[in-house]
2 protein chains.
Amino acid sequence: MERNLKKRETMHRLHAMGLEIFHAKGYYNTSLDDILKELSLSKGAFYHHFKSKEDYFISIIQNLIVQKVYALLVEPLNVNENPLHAIVDSLENALEPGKSNEMAYGFMLHDFMTEFNKRNTEISSYLKDILKVWEVNLVSVLKNGKIDGHIARHIDCEGVATYIIASYLGMRSLLSENNGRQLKYQYLQQLKHYFNSITERQVVA
Amino acid sequence: MERNLKKRETMHRLHAMGLEIFHAKGYYNTSLDDILKELSLSKGAFYHHFKSKEDYFISIIQNLIVQKVYALLVEPLNVNENPLHAIVDSLENALEPGKSNEMAYGFMLHDFMTEFNKRNTEISSYLKDILKVWEVNLVSVLKNGKIDGHIARHIDCEGVATYIIASYLGMRSLLSENNGRQLKYQYLQQLKHYFNSITERQVVA
DNA sequence: ATGTTGACCGACCATCGAGTCGGTTTAAGC
DNA sequence: GCTTAAACCGACTCGATGGTCGGTCAACAT
């Protein structure tokens, strides 16, 4: 049984280190040797576990990235009764730098999406699927929010979800190259203005 | 004098074709031979005009990308007296597919920024500078809009500019892989909601 | 006309990185 | 103990690609 343990251990190390370095330097800018050197592993070991660099990355997506997106962006959507508050809270948290295992700005889906866009359609589609999950969940809580009277009735929930996603993705682009603190604050501030504009007005009799 | 003409002609062809192919396939995913074959030019010709691939791309940035950003995003900011309307119009136009010389979704600054981020700091900084110019101009017209009574006084213009840029950049990520028509409409719709929330309310006496 | 130089050619070089493969070590089954 | 095969090693192949260099040709100056 120790054999099985060894395998899991090695694959886990490969996954974790791969995600870290790929995210830090970009997939195409990282050679397998870069990662292997860091782990003191050989080419042979690598190709024993994965059939290619691409297969390896897909494995990372399915084992780590999916989890992170769920944990950071999907599950928190249901912790607050008001969906707009839940969304603000989840984004605020997701934009927090240096969360879980020192990965700056926690969530790297967008970086990879842009890197693979037009270069590797298979990986792109995996990443798009993850984004889609987020979108679907956003739309769902927004619609509930409409029913519960938190969001104005004439609002297009799909449009709102799109807009939230767009601004969040773009924000991450800006964050990766600037003073994050202030940008994050500005972003959340404006997001609240926006949310204010789609909130159901209280008819103060 | 014909010699000079020939040179300008060749460099212009290299610039235009380079931008087109780099944008379509990505800088790192495009080899010089890809471009040279398309133009029936030789390696020798290329290195006669440019000292490296990187130098070549910087030249493209300075000659073409800067122009496009100005034309699409900066100059249109002053055509409408109300800055919020001017911004909506400019973004609507910039997101129009297939404008000027068949370049889908006109504006590619963001694609390049993400590609070079963490890989080539020199090129990144050139691209960031261009974005900065846009930002500065946005802030400027927003502040004028505040003076002219189009925007509520308590609004943070820098924050608004950041938010606009973020949502626009993110939008382009989404557009590059989906049904653009509907997304664009949704985006502009929500942008208007947002703008509505930062507009100076008329005190209807 | 003649020498010079700019524009261009294309074979060649050097490097890098993904993937291969025969070999070695060691846990597990009998 | 002995065999088997999983886990791993690392030298090697091989294609891709950025960049070099000696040479050709035609425009321009004198």
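Coordinate-derived values only; no laboratory data. Bear in mind the structure is a predicted one, so any value in this text is a computation, not a measurement. As a convention, Cβ positions derive from the backbone with ideal geometry for all residues, glycine included, and neighbour counts pool all protein chains shown.
For the reader, a short list of remarks on this structure follows.
- Cα gyration tensor category, rounded, prolate or oblate, for the protein assembly as shown with a/c compared to 1.5: oblate
- Residue-averaged beta-carbon neighbours from other chains (10 angstrom radius) around B:181-189: 4
- Options A:126, A:170, A:90, ranked by Cα towards positive dipole end of the protein assembly as shown, top entry (Cβ charges): A:126
- Among the residues of A:150-162, the average count of other protein chain beta-carbon atoms within 10 Å of the residue beta-carbon is 3.
- Over chain B, DSSP H runs of length four or greater, each weighted -39,500 (n - 2.57), average out per residue to a 222 nm ellipticity of -21000 deg cm²/dmol.
- Reciprocal mean inverse distance between Cα atoms of the stretch A:61-197 - Kirkwood radius, Å: 15.5
- Computed on chain A, with alpha-carbon pairs under 8 angstrom and 6+ residues apart, the relative contact order is 18 percent.
- Shortest-first distances to equivalent copies, position residue A:62, nm, label 7 Å out along Cβ: 4.9
- Checking the Cα-Cα distances for A:25/A:128; A:53/A:184; A:37/B:37; A:146/B:184; A:53/B:128 against a 26 Å cut-off, the pairs over it are A:53/A:184; A:37/B:37; A:53/B:128.
- With label points defined 7 Å past Cα in the direction of Cβ, position residue B:12 shows copy-to-copy spacings of 6.3 nm, given to one decimal and shortest first.
- Summed residue charge, Cβ within 14 Å of residue B:167's Cβ, Lys/Arg positive, Asp/Glu negative: +2
- Across the stretch A:1-50, the convex hull enclosing all Cα atoms gives 66 Å³ per residue.
- Most mobile of A:184, A:68, A:192 in a GNM of chain A (Cα contacts under 10 Å): A:192
- Look at the stretch B:118-125: the mean tally of other chain Cβ atoms within 10 Å of its residues' Cβ atoms is 2.
- Across the stretch A:133-145, coupling constants 3J(HN,Hα) worked out from phi with the 6.51/-1.76/1.60 Karplus curve, θ = phi - 60°, read 4, 4, 4, 4, 5, 4, 4, 4, 5, 5, 5, 4, x Hz, and Gly and Pro carry x.
- In this structure the amide hydrogen of residue B:199, modeled in the peptide plane, comes within under 5 Å of the amide hydrogens of B:152, none closer than 5 places in sequence on its chain.
- Here is how far apart the residue B:192 label points are across copies: 2.7 nm, shortest first, using a point 7 Å from Cα toward Cβ.
- Dipole of the protein assembly as shown, positive direction: furthest Cα of A:12, B:40, B:183, with charges on the beta-carbon: B:40
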